[in-house]
Amino acid sequence: MISYWLNSSSVKDRVYIPKYYNPGLDQELESLKETHDIVSLSTLVNEGVISVSTGHEIGKMAYGTGNVPFVRTSDLTNWETKTSPKQGVSESIYLEYRDSQDVQSGDILLVRDGTYLIGTNCIITELDKKILFQSHLLKIRVEKKKYLDPYLLFVLINSPVFQRQIRSVQFTADTIDTIGNRFYDLFLTIPKDIVFSNEICKKCCDTVKNRELGKAFIKNAPSLIEDVLSTNSLQPIKSFLASTWDNILENMSSDTVTSEFGHFETFWCSHRAIKNRIYLPKYYAPEVASELRSLSPTCSCRTVGELVEDGVLMISTGDEVGKMAYGTGSIPFIRTSDFSNWELKHDPKQGLSEDIYSKYAVKQDVKAGDILLVRDGTYLVGTSCIISEGEEKILYCGGLYKLRVLKKEFLDEWLLLGLVNSYIVKRQIRTKQFTRDVIDTLGKRIEEVVLPIPKSERVRKELSLQIQSIVHSRVQAKRQITQLSKSVC
């Protein structure tokens, strides 16, 4: 909390929120004037340097009508869109809004409405051009690239001083927080040193492209890994990574998360096949059993429960620390929405104090190589990430499983990450998912999920090394973006 005096003549538009006039931000902007041009976004818009627009609310009846991603505020994470957004729309709905939204590479999407997500943003790449986006997002486009490079704008928007400005103008409108038109009151701190700016732009461009290739792999991973399992060869992945970028884009999967739910069908099921009085048709989906049988010649099909019993895997859940603990410190408290695309968010919503961390740290015992998998939710059930070096100091919620590989001769953490992201495993998870009270969950049925582990030691090692390489490359690039954003001013 800060306190300061403010002259009544300084009050703008009858705004009486103290944080709006945060003198610390004014002082910081003032201190940068010698080395930076301090320019308001309204000035850049008026001079035609940038343009700003919003998306559309297409209505819930359009959800699930197709596989063209409808990007919402929760679909932006770590400066990119999720590989499997929650909602997809039909081609006809996409064509209805395509020209008015006009999404292009280099555009920046920024969350305008929400609470913790306000200020979250991503830069659009070739992978994302065929999308629609909702009205809670702003689309920012550089119109005059001679004056401002899109990658420099992207780095500046993620700089600490700009993000603090966003928080200072955030306010509550009805039941949701927003920055509304106050977005135009924010200031960019553009470096005067052209050589330095060009260096920042090049590094950012290279870093984004690095992450983009990894994202392309992750987006196609469910089917690629499936092909590896069925052919008993890493050739499908090698061919994908050896393809030209244009070829990768042309053959890019456009599946949304609903593709994991399968398609409705009818089938006969003998009463003798009923387990534990479970009468959900999807639980007995015949295509799952059929595919597992087809993989049996090349894979050892073991249930998670069997692997736990044999001491290969260990499974545990997190803790609910209570909302009163939120915001007490900076130690990340990882919840179901705090990771995507196989990695933790760089800016998790909630932070905890050292005292609260110490209370749970020994019990949770998070280590690099652990895999977090969503147990409770709806669309997020089955989503997973792997903990990287330097990310171990966290706590995680009770709606997550922590999977740890104890015996790595047959299955290591990278292979496990790949397997839980294959379609056959994702599809199984969806068949086991059920509603408990007001929320969906996987419950203890995770132990019934069958992992098709390649029998070939060579395939296991090659697949593990390939996944490890891609994840490490993306994590390093993620950290590079953070460093660039801090160094720009």
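Just a few scattered comments:
- Taking the range 4-19 as the range and being without any contact (Cβ under 8 Å) to a residue 12 or more places away in the chain and either open to solvent by 90 Å² or more (accessible area, probe 1.4 Å) or not aliphatic (A, V, I, L, M) (or both) as the test, the residues that pass are W5, N7, S8, S9, S10, K12, D13, R14, Y16.
- Residue list for the range 400-420, restricted to those being part of a loop (DSSP other than H, G, I, E, B) and either charged (D, E, K, R) or under 17 Å from the mean Cα position of the chain (by Cα) (or both): K407, K408, E409, D412
- Residue that is least open to solvent (accessible area, probe 1.4 Å), among those in the range 41-70 that are farther than 14 Å from L148 by Cα and assigned to a helix (DSSP H, G or I): A62
- Some residue of the range 367-389 being open to solvent by 10 Å² or more (accessible area, probe 1.4 Å), among the basic types (K, R), without any contact (Cβ under 8 Å) to a residue 60 or more places away in the chain and part of a loop (DSSP other than H, G, I, E, B): yes
- Test: residue in the range 358-366 that is basic (K, R) and more than 21 Å from the chain's Cα centre (by Cα): yes
- Residues of the range 92-104 that are open to solvent by 50 Å² or more (accessible area, probe 1.4 Å) and not aliphatic (A, V, I, L, M): S92, E96, R98, D99, S100, D102, Q104.
- Hey, G106 at pLDDT below 95 and either aliphatic (A, V, I, L, M) or over 28 Å from K12 (Cβ atoms) (or both) or not: no
- The single condition among (1) under 24 Å from the mean Cα position of the chain (by Cα); (2) more than 21 Å from A221 (Cα to Cα) that L463 does not satisfy is (2).
- Here V111 meets each of (1) open to solvent by less than 20 Å² (accessible area, probe 1.4 Å); (2) in contact (Cβ under 8 Å) with a residue 40 or more places away in the chain with one exception, condition (2).
- Scanning the range 312-330 for residues that are touching a residue at least 40 places away in the same chain (Cβ under 8 Å) and crowded, with 19+ Cβ neighbours inside 10 Å turns up V312, L313, G318, V321.
- The range 284-357 holds strands (runs of 3 or more DSSP E) entirely within its bounds, and those carrying 2 or more residues that are under 26 Å from the mean Cα position of the chain (by Cα) and not hydroxyl-bearing (S, T, Y) map to 313-317, 331-334, 350-352.
- Top-ranked residue of the range 16-40 - restricted to ones that are assigned to a loop (DSSP other than H, G, I, E, B) and either in contact with a helix residue (DSSP H, G or I) (Cβ under 8 Å, 6 or more places away or on another chain) or of a type in the set (S, T, N, Q) (or both), ranked as farthest from K192 (Cα to Cα): N22
- A search for C-beta distances below 7 Å between a residue of the range 402-413 that is touching a residue at least 12 places away in the same chain (Cβ under 8 Å) and any residue that is assigned to a loop (DSSP other than H, G, I, E, B) and loosely packed, with under 14 Cβ neighbours inside 10 Å, counting only pairs 6+ apart in sequence or on different chains, returns L406/G311; K407/G311.
- Strands (runs of 3 or more DSSP E) (entirely within the range 124-226) containing at least 3 residues that are modelled with pLDDT of 95 or more: 137-142, 187-191
- Only one of the numbered conditions (1) closer than 29 Å to V208 by Cα; (2) over 22 Å from the mean Cα position of the chain (by Cα); (3) in contact (Cβ under 8 Å) with a residue 24 or more places away in the chain is violated by D99, and that is (3).
- Across the range 173-184, the number of residues qualifying as hydroxyl-bearing (S, T, Y), open to solvent by 30 Å² or more (accessible area, probe 1.4 Å) and in contact (Cβ under 8 Å) with a residue 12 or more places away in the chain comes to 1.
- The range 421-476 - residue that is in contact with an Asp or Glu (Cβ under 6 Å, 6 or more places away or on another chain) and assigned to a loop (DSSP other than H, G, I, E, B) and, of those, nearest to V374 (Cα to Cα): Q433
- Unique residue being more than 26 Å from S473 (Cα to Cα), of a type outside the set (F, W, Y) and without any contact (Cβ under 8 Å) to a residue 60 or more places away in the chain when the list is E291, E309: E309
- Here V438, V471, V449 are screened, and the one residue that is over 28 Å from A289 (Cβ atoms) and either open to solvent by less than 30 Å² (accessible area, probe 1.4 Å) or among the acidic types (D, E) (or both) is V471.
- Scanning the range 185-222 for residues that are open to solvent by 70 Å² or more (accessible area, probe 1.4 Å) and under 27 Å from the mean Cα position of the chain (by Cα) returns K202, K203, D206, K209, L213.
- Residue within the range 85-102 that is at pLDDT 95 or above, within 21 Å of F183 (Cβ to Cβ) and not in a loop (DSSP other than H, G, I, E, B) present: yes
- Test for S254: is it assigned to a loop (DSSP other than H, G, I, E, B), at pLDDT below 80 and closer than 27 Å to I218 by Cβ: yes
- Yes/no for N67 being over 23 Å from E343 (Cα atoms) and at pLDDT below 95: yes
The values are calculated or read from the model by the stated rules, or taken from the named source; none is laboratory data. Since the structure is predicted, the reported quantities are computational estimates derived from the model, not experimental observations. In this analysis, Cβ positions are derived from the backbone assuming ideal geometry, glycine residues included, and neighbour counts consider all displayed protein chains. Protein only, heavy atoms only, side chains kept; ligands, DNA and RNA dropped before computing areas. Shrake-Rupley method; radii C 1.70, N 1.55, O 1.52, S 1.80 Å.
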